Amino acid sequence: MKKALIGLFSALLFAAFSPTGAFAQLSGYAAPTTLSEGDAFQLYIRQDGKGDTPDFSVLERDFIVAGQRNSYKSTYINGKAENFSETILTLYPKKTGKITVPPIKAGKEETQPIEITVVPGNKPLPADAQKQGERQGRRLFMRAEVENPTPFVQEQTLYTVRLYSSVPVLGGTVTPPATDGVVFEAFGDPTRAQTVINGEPFSVLESKFLVFPQKSGEIILPPTTFQGSVADPNARDPFDFGGDFFGGFGGFSLTDPFAQTSTVVRSKTVRLDVRPRPAEADGSVWLPASDVSVSEDVTPPKPTVAMGDALTRTVTVMARGVRDSQIPDPTFPDGAGYKQYPGRTDAKTLTDSQGVIGVKTRQIVFMPTRAGELTLPEMEVPWFDTKSQTMKTARLPSRTVVVTPAEGGEPAAASEPSSARAPVIAEALPPKPAGDAPASAGETRVETAPAVSPLSYSAEILLALGAAGGGAFVGLLWLIAHLAGTRKKKAKISKADEASRRKAVKDFKNACLTNDPAKAKEALTALARVLWRDDPPLTLSDIAGRFADDAFFVEMENLNEALYAKEKREWNGFAFWKAFASTKQYRRSDVLADEAPVPPLYPKG
């Protein structure tokens with residue numbers, strides 16, 4: 001009885017809104033008739049009996065047809081059977097204000113025009129329209145918003161889209177808007193949640209994107225679109241006797257209870273007022289970030305180098321809130337006492353819970369050109385702090401090394417072998433006889449002694465000298481070979497240790513930048529075992545004590561809380577790595593990036 005009354009009420013309701021009556025051969029109805037900009041409404045078209053196919057092309061001028069469902073139904077009312085077809089169209093208005101849905105024609109029949117009102121997105125709906133919407137219950141709609149509607153040019157801002165559904169969503173895709181002057185990047189995986197709106201439960205599918213405006217001024221982000229399949233809310237059980245939207249008293253529907261329909265849902269447009277570079281940033285590098293740090297690894301990590309040896313500085317610039325393409329290549333100014341040769345540049349963009357982190361690494365080889373104390377220059381990276389909205393500078397301090405002369409000093413001038421010259425003997429000679437030029441007192445005369453022939457020595461002496469010389473020569477060869485082997489062995493051990501330290505730091509750095517506290521602990525423990533092979537620390541507290549750095553100790557406490565606190569806490573791996581890279585132990589350790597190719601000592605030209 002209750003279902004029959006509902007069917008009768010539905011039939012009367014349709015008749016009230018359709019001058020042609022509930023049982024006209026072609027009739028139409030729209031719901032809701034007042035809606036906000038960016039929202040959709042449904043146009044219901046019913047055709048009694050058999051007839052020509054309705055022409056919906058007239059709708060394309062003022063509306064976007066986002067979905068269409070067709071069904072054929074039979075009812076049995078008061079002993080009389082009736083057949084009719086039903087079409088439900090999902091329409092998005094292309095403009096605001098009052099819009100007329102034109103008559104839909106099917107042969108000689110046509111519907112009456114229907115007027116709807118589209119309220120601009122920045123204005124609320126009238127109270128009666130809100131109540132009407134609450135009664136009707138919107139089953140699928142989308143909302144979009146930006147975290148910061150007034151970002152600076154190239155500044156990261158978060159764009160969030162939520163799809164609300166009171167019917168099962170069977171599949172589909174969310175497509176972010178595409179417009180000139182804006183770069184969109186997907187941020188994380190979609191998440192699902194539940195909420196209640198006007199007493200009706202809704203599932204919420206949330207998708208996030210990072211927006212990077214590339215120009216200043218007003219930018220309108222077009223609607224985000226969801227295109228997919230949902231369960232048909234009008235599908236009924238064949239044995240569920242009752243009315244449908246177009247009425248039916250004691251009738252039944254033959255639609256598929258598992259029917260699904262394709263649909264398109266769009267969000268509203270979003271406006272960005274993008275601010276240009278501030279005046280103090282003109283002429284300098286534009287890097288709008290929330291944090292920037294500069295660190296370096298040095299090869300070899302010693303305060304003294306020899307002339308002819310290369311010194312490599314591997315510099316890493318990390319900037320939160322920007323992509324790697326926005327970070328300038330690290331460079332040092334030229335100076336006296338050295339030549340520099342920039343090497344390769346590696347760049348990547350990481351993500352964490354706050355957004356993107358741009359990382360750029362470059363190797364620069366320094367070749368000393370003179371001996372003595374040498375100061376390698378500092379590096380400066382200017383950046384704009386989006387939190388305080390002020391210009392700042394990240395600095396890499398200068399580095400002083402002592403350059404020693406090449407081994408053996410300056411090469412001596414070439415001289416003849418001594419065996420090619422006769423020995424020189426100096427002696428005091430007596431005065432010359434009378435008649436000659438008188439010699440001065442104390443005059444020294446130099447005479448050359450005759451060369452001694454080896455044949456003048458006895459055979460026994462020569463044999464003894466040969467035996468002694470041969471033994472000495474063999475002993476010298478053994479000593480040279482032994483020293484070379486020992487040196488090569490030590491070089492292999494040193495190179496293996498260096499490779500182990502290099503890999504351990506790289507693993508630790510990657511664990512930090514992926515924001516995984518468990519992996520960071522494991523990698524840090526492995527690194528400590530490499531740095532202190534003879535006496536490795538066993539706990540995080542022991543490791544913190546070995547580094548003896550206040551800032552690193554604080555970050556270690558934060559790591560402990562993230563690992564062992566009862567309530568889950570957010571952990572900042574970027575800050576942890578930054579504190580580690582600033583410790584004295586890290587700067588002293590032989591933990592280096594890949595070696596750069598060393599340029600020739602005396603390059604041509």
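The values are calculated or read from the model by the stated rules, or taken from the named source; none is laboratory data. None of the values given here were measured: they were computed from a predicted structure. Cβ atoms come from the backbone with ideal geometry, glycine included; neighbour counts cover every protein chain shown. To get the accessible areas, we keep the full protein, side chains included, count just its heavy atoms, and leave off ligands, DNA and RNA. Shrake-Rupley method; radii C 1.70, N 1.55, O 1.52, S 1.80 Å.
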- [ ] Six or more apart or on different chains, Cβ under 8 Å: which pairs go from a residue in the stretch 84-104 that's at positive phi to one that's assigned to a strand (DSSP E or B)? Could you list them?
- [x] 97/117; 97/118
Task: Looking only at the stretch 519-542, and only at residues there that are within 21 Å of residue 575 (Cβ to Cβ) and modelled with pLDDT under 85, the one that is surrounded by the fewest Cβ atoms within 10 Å (Cβ to Cβ) - done: 541
Open item on the list: Can you pull out every residue in the stretch 308-331 that is of a type in the set (Asp, Glu) and either open to solvent by less than 10 Å² (accessible area, probe 1.4 Å) or assigned to a loop (DSSP other than H, G, I, E, B) (or both)?
Closed with: 309, 329
- [ ] Evaluate the stretch 226-240: report whether one residue or more is at pLDDT below 90 and among the aromatic types (Phe, Trp, Tyr).
- [x] yes
Open item on the list: Residues that are in contact with a Gly (Cβ under 8 Å, 6 or more places away or on another chain), without any contact (Cβ under 8 Å) to a residue 40 or more places away in the chain, more than 17 Å from residue 288 (Cβ to Cβ) and open to solvent by 30 Å² or more (accessible area, probe 1.4 Å): does the stretch 374-383 have at least one?
Closed with: no
Open item on the list: Take residue 285 and tell me if it is out of contact with any Leu (no Cβ under 8 Å at 6 or more places or on another chain) and assigned to a strand (DSSP E or B).
Closed with: no
TODO: Within the stretch 84-117, track down each residue that is surrounded by 15 or more Cβ atoms within 10 Å (Cβ to Cβ) and within 41 Å of the chain's Cα centre (by Cα).
DONE: 90, 91, 92, 93, 96
- [ ] Just need a number here: residues in the stretch 278-304 that are at pLDDT below 90 and among the β-branched types (Val, Ile, Thr).
- [x] 2
Open item on the list: If a residue counts only when it is open to solvent by less than 20 Å² (accessible area, probe 1.4 Å) and polar (S, T, N, Q), which strands (runs of 3 or more DSSP E) contained entirely in the stretch 148-233 have at least 2 such residues?
Closed with: 157-165
Task: Odd one out for residue 299, checked against (1) closer than 24 Å to residue 579 by Cβ; (2) hydroxyl-bearing (Ser, Thr, Tyr); (3) surrounded by fewer than 14 Cβ atoms within 10 Å (Cβ to Cβ) - done: (3)
Task: Tally, over the stretch 543-571, of residues that are open to solvent by 70 Å² or more (accessible area, probe 1.4 Å), without any contact (Cβ under 8 Å) to a residue 24 or more places away in the chain, of a type outside the set (Phe, Trp, Tyr) and assigned to a helix (DSSP H, G or I) - done: 3
Task: Some residue of the stretch 264-271 being open to solvent by 10 Å² or more (accessible area, probe 1.4 Å), part of a strand (DSSP E or B) and within 23 Å of residue 394 (Cβ to Cβ) - done: no
- [ ] Tell me, please, whether a residue that is more than 22 Å from the chain's Cα centre (by Cα) and of a type in the set (S, T, N, Q) can be found in the stretch 286-297.
- [x] no
Open item on the list: Checking the structure you have, find out if any residue of the stretch 43-52 is of a type outside the set (Phe, Trp, Tyr), open to solvent by 40 Å² or more (accessible area, probe 1.4 Å) and in a strand (DSSP E or B).
Closed with: no
- [ ] Collect the residues in the stretch 362-396 that are assigned to a loop (DSSP other than H, G, I, E, B) and over 21 Å from residue 314 (Cβ atoms), keeping them in residue-number order.
- [x] 369, 370, 371, 386, 387, 388, 389
- [ ] Six or more apart or on different chains, Cβ under 7 Å: which pairs go from a residue in the stretch 51-69 that's closer than 19 Å to residue 33 by Cβ and at pLDDT 85 or above to one that's of a type in the set (A, V, I, L, M) and in a helix (DSSP H, G or I)? Could you list them?
- [x] 65/59
Task: Filtered residue count, the stretch 348-359, keeping only those that are part of a strand (DSSP E or B) and open to solvent by 20 Å² or more (accessible area, probe 1.4 Å) - done: 4
TODO: Identify, by number, the condition in (1) at pLDDT below 75; (2) open to solvent by 70 Å² or more (accessible area, probe 1.4 Å); (3) within 28 Å of the chain's Cα centre (by Cα) that residue 275 doesn't meet.
DONE: (1)
- [ ] Please work out if residue 549 is at pLDDT below 80 and under 28 Å from residue 302 (Cβ atoms).
- [x] yes
Task: Residues being modelled with pLDDT under 80 and open to solvent by less than 50 Å² (accessible area, probe 1.4 Å) - total across the stretch 572-587 - done: 2
